[in-house]
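What follows is a short report on a single structure.
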Amino acid sequence: MSFGILAEEWQGSRQHLAVRSQETTQFLLDSYVIPVLGRFPIAVISASDVERVLTAMTVRGLATATRRRVLSVIRLVLDYAVRDRRISINVARSIPLPKGTSKREPHWLRAEQLGKLADAMPPTCRPVVLFLGLAGCRFSEMCALRVDDVVQTPHGLGVRIHRAAPQSKRTSRAIVGPTKTHQTRTVPVPPTLETYVRDRIGRAPSGSYLFPSPTGAIWTNSNFRIRSRWTETTRAVGLTGTTIHDLRHTAASLLIAAGADVKAVQMILGHATATMTMDLYGHLFSEAPWVAMERMPVFPDLRPRSDDSTEE
């Protein structure tokens, strides 16, 4: 069996996963792996063959994160063959993950910056920016919210996050499916948006989107960026380089500053584990490093003196 046929069979076994996930792995296979390994019988593929895939990507200047994803996909395909006893070992498991900067460091806005950005947005985009920047939902989760997902809890108004609508890489349309973690959670409605949410559920028909596009349709990342003039607007308010996903990090930082503990932040953001939350935002939870530094011995300030010049 060739690697290409095996990869196709493996993809067919993943139909239960989100469409976006399937599209991503298919893209990685078609773009980087199949052209190099597709015709190789799986029994003769060596670690050197797998390394050739990564080397070709390095030569093309592709990011470390992309090379890591490709290696992970190759590992998963060959793991599938090992489970079925078609090969005895997975040679890709002997290759370490490529080193280097694998992802952009989290960036967030201060409260006043978030407000400034929201105020600069068109009327239909302002609630989206505030919801993402205060509630911390993923953009795809916000897109899929409907008025029927608003619930009254003993603690206040909330929204049930139980689906997501990521944008298809192939068709550019929104694909409604489960959340990234396949779990359901209830997120409190930020006080700033309570009036908007109550007004929306009071006048919108059942099944309508809670945060609709100007035409009443579902948002996608692309049409939101166009409608909001995202690049131009962020530049105009002095926030050049800010991404839509940065609003999720903004919500996390504001929640921590407001006194939320790790578990609360995990539940609101929808992280799979509290460990993931700590890995991303742990440095914001503890003031211990600063307290310790304040208790260090204090010496006179090191100020340049006029007689510190070096004689020639």
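Structure values in brief
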{"item": "Number of the condition not met by G61 [criteria: (1) part of a helix (DSSP H, G or I); (2) within 21 Å of P98 (Cβ to Cβ)]", "result": "(1)"}
{"item": "Residue, modelled with the lowest pLDDT, within segment 156-185, restricted to residues that are surrounded by fewer than 17 Cβ atoms within 10 Å (Cβ to Cβ), among the β-branched types (V, I, T) and touching a strand residue (DSSP E or B) at 6+ places or on another chain (Cβ under 8 Å)", "result": "V176"}
{"item": "Subset of segment 18-52 [out of contact with any helix residue (DSSP H, G or I) (no Cβ under 9 Å at 6 or more places or on another chain), closer than 19 Å to P178 by Cβ and of a type outside the set (D, E, K, R)]", "result": "A18, V19, S21"}
{"item": "Test: residue in segment 36-58 that is out of contact with any strand residue (DSSP E or B) (no Cβ under 7 Å at 6 or more places or on another chain), closer than 30 Å to S253 by Cα and outside any loop (DSSP other than H, G, I, E, B)", "result": "no"}
{"item": "Condition check for R85: assigned to a helix (DSSP H, G or I), in the same structural domain as E9 (by TED's automatic domain parsing), basic (K, R) and surrounded by fewer than 18 Cβ atoms within 10 Å (Cβ to Cβ)", "result": "no"}
{"item": "Residue that is surrounded by the most Cβ atoms within 10 Å (Cβ to Cβ), among those in segment 206-228 that are without any contact (Cβ under 8 Å) to a residue 24 or more places away in the chain and part of a loop (DSSP other than H, G, I, E, B)", "result": "A217"}
{"item": "Filtered residue count, segment 254-277, keeping only those that are hydroxyl-bearing (S, T, Y) and touching a helix residue (DSSP H, G or I) at 6+ places or on another chain (Cβ under 6 Å)", "result": "1"}
{"item": "Residue in segment 239-281 that is surrounded by the fewest Cβ atoms within 10 Å (Cβ to Cβ), counting only those that are assigned to a helix (DSSP H, G or I) and among the small types (G, A, S)", "result": "A257"}
{"item": "Options P122, P127; residue that is assigned by TED's automatic domain parsing to the domain that holds S206 and exposed (fewer than 15 other Cβ atoms within 10 Å of the Cβ)", "result": "P122"}
{"item": "Checklist (1) over 30 Å from T64 (Cα atoms); (2) surrounded by 14 or more Cβ atoms within 10 Å (Cβ to Cβ) applied to E141, failing item", "result": "(1)"}
{"item": "Residue within segment 258-267 that is at positive phi and at pLDDT below 95 present", "result": "yes"}
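Per-residue answers, yes or no, for (1) more than 19 Å from the chain's Cα centre (by Cα); (2) at pLDDT below 95:
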| residue | (1), (2) |
| --- | --- |
| F3 | yes, no |
| L17 | no, yes |
| Q26 | yes, yes |
| L29 | yes, no |
| L62 | yes, yes |
| R67 | no, yes |
| Y80 | yes, no |
| R104 | no, yes |
| E112 | yes, no |
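The values are calculated or read from the model by the stated rules, or taken from the named source; none is laboratory data. If you're wondering where the values come from, they're calculated on a predicted model, not measured in any experiment. As a convention, Cβ positions derive from the backbone with ideal geometry for all residues, glycine included, and neighbour counts pool all protein chains shown.
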